[in-house]
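Participant: One structure follows; several queries about it will come next.
The values are calculated or read from the model by the stated rules, or taken from the named source; none is laboratory data. Everything numeric here is computed off the predicted structure, so don't read it as measured data. Cβ placement follows ideal geometry from the backbone for every residue including glycine, while neighbour counts extend to all protein chains displayed. These accessible areas exclude ligands, DNA and RNA; they are computed on the full protein's heavy atoms, side chains included. Shrake-Rupley method; radii C 1.70, N 1.55, O 1.52, S 1.80 Å.
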Amino acid sequence: MISSKQRAYLRGLANDFPVILQIGKGGLTENLTKTVSEALEARELIKVHVLENSGEDPQTIANELAATVGADVVSVTGKKAVLYRRSSKKPIIELP
C-alpha cells in the first residue's frame, strides 16, 4: 500500500508516460494480465487506456487488474489508469 504523498509523486512521474496497453472489448484476459505483470516488472509504473468498447468502468477494471497482478492503482483519470508495482529484480523508482 502506498501513501497519498507517494501516490502524488507517482502521478507526477506518470504525466509524461505514454499509454503502453489498451483494454478493449475482450476485457481482462489471462494473456493481458501476464503482459501487465511483465510490463510492471520492467517499468514499475505503467499507464493503460480502457477503450470505449470495453463496456466496463475504468475504475473497476483498474482495481481488478491491480488485485490480479499485485499492484497499486495510482490514479484513474477518464479512461486512463496508472498502476505501480515495485520491481523485485531491479527497482528503478525511489519513493519519498
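Participant: Would you please list the contacts, defined by Cβ atoms under 9 Å and residues six or more apart or on different chains, that run from a residue in region 69-96 that is farther than 14 Å from A42 by Cα and modelled with pLDDT of 95 or more to a residue that is among the aromatic types (F, W, Y) and open to solvent by 20 Å² or more (accessible area, probe 1.4 Å)?
Facilitator: V82/F17
Participant: Those residues that are of a type in the set (A, V, I, L, M, F, W, C) and either farther than 14 Å from R85 by Cβ or assigned to a loop (DSSP other than H, G, I, E, B) (or both), I need them from region 37-58; list them, please.
Facilitator: V50, L51
Participant: On the basis of being assigned to a loop (DSSP other than H, G, I, E, B) and without any contact (Cβ under 8 Å) to a residue 40 or more places away in the chain, does K34 make the cut?
Facilitator: no
Participant: Could you grab me the full set of residues in region 3-42 that are more than 15 Å from S54 (Cβ to Cβ), exposed (fewer than 15 other Cβ atoms within 10 Å of the Cβ) and among the basic types (K, R)?
Facilitator: Those that are more than 15 Å from S54 (Cβ to Cβ), exposed (fewer than 15 other Cβ atoms within 10 Å of the Cβ) and among the basic types (K, R): K5, K34.
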